[in-house]
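What follows is a single structure, written as structure tokens, with notes after it.
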Amino acid sequence: MNKSIQIYGIKNCDTVKKALVYLSDHDVNYQFIDFRQNPISQQVLIKMVESVGWELLINKRSTTYRSLSEEEKTNINYDLVLKLPTLIKRPVLVQDENIMVGFSEKQYAKLIDRAI
């Protein structure tokens, strides 16, 4: 049984591209959501944070993160991330209650085994 999979990211991100190619090459059905064009809802963001935590979800190497003030960096919150979605490490894969941040062939292979 192939369960619904959503991939959140931005289309020009190399890591997102790798993840999408991997899923396509393995015949996995997914829905790609570019959060620059289709902003994520606070409900989806809350689900991500509750699952993986701010520490894993926020990309501290991003240009967006580095441009934040020190106060903003120490007070990451829903409003800030909804306003600046590129703070989110990419891609974020959501399958039911399973949420994975970043791309790892090993982790995606485990997911595919569960999805089939």
* Structure fact -> Over 19 Å (Cα to Cα) among Lys11/Lys106; Lys60/Lys89; Lys11/Lys47; Lys11/Lys73; Lys17/Lys47 -> Lys11/Lys106; Lys11/Lys47; Lys11/Lys73; Lys17/Lys47
* Measure nothing fancy, just the Cα-based angle from helix 105-115's long axis to the longest principal axis of the chain, in degrees from 0 to 90, nearest 10. => 60
* Hey, which lysines would be in cross-link range of Lys110, C-alpha to C-alpha under 18 Å, not counting anything within fewer than 8 residues on its own chain? -> Lys3, Lys18
* **Hz values of 3J(HN,Hα) by residue in the stretch 82-87 - Karplus curve (6.51, -1.76, 1.60), Gly and Pro given as x** => 5, 6, 10, x, 6, 6
* Helical mean residue ellipticity (222 nm; -39500 (n - 2.57) per DSSP H run of 4+; nearest 500) of the chain -> -13000 deg cm²/dmol
* Report, to the nearest whole %, how much of the accessible area of the chain belongs to carbon and sulfur atoms, 1.4 Å probe, protein only. => 46
* Asked: Fully extended, how many nm does the chain gain between Gln31 and Asn75 (0.36 nm per residue separation, minus their Cα-Cα distance)?
  -> 12.7 nm
* To do: Count the DSSP beta bridges whose two residues both fall in the chain, then state the antiparallel fraction as a percent rounded to the nearest 5.
  => 65
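The values are calculated or read from the model by the stated rules, or taken from the named source; none is laboratory data. Since we're looking at a predicted model, the values are computed, not measured. For the accessible areas, the whole protein counts, side chains as well, though only heavy atoms, and no ligand, DNA or RNA atoms are used. Shrake-Rupley method; radii C 1.70, N 1.55, O 1.52, S 1.80 Å.
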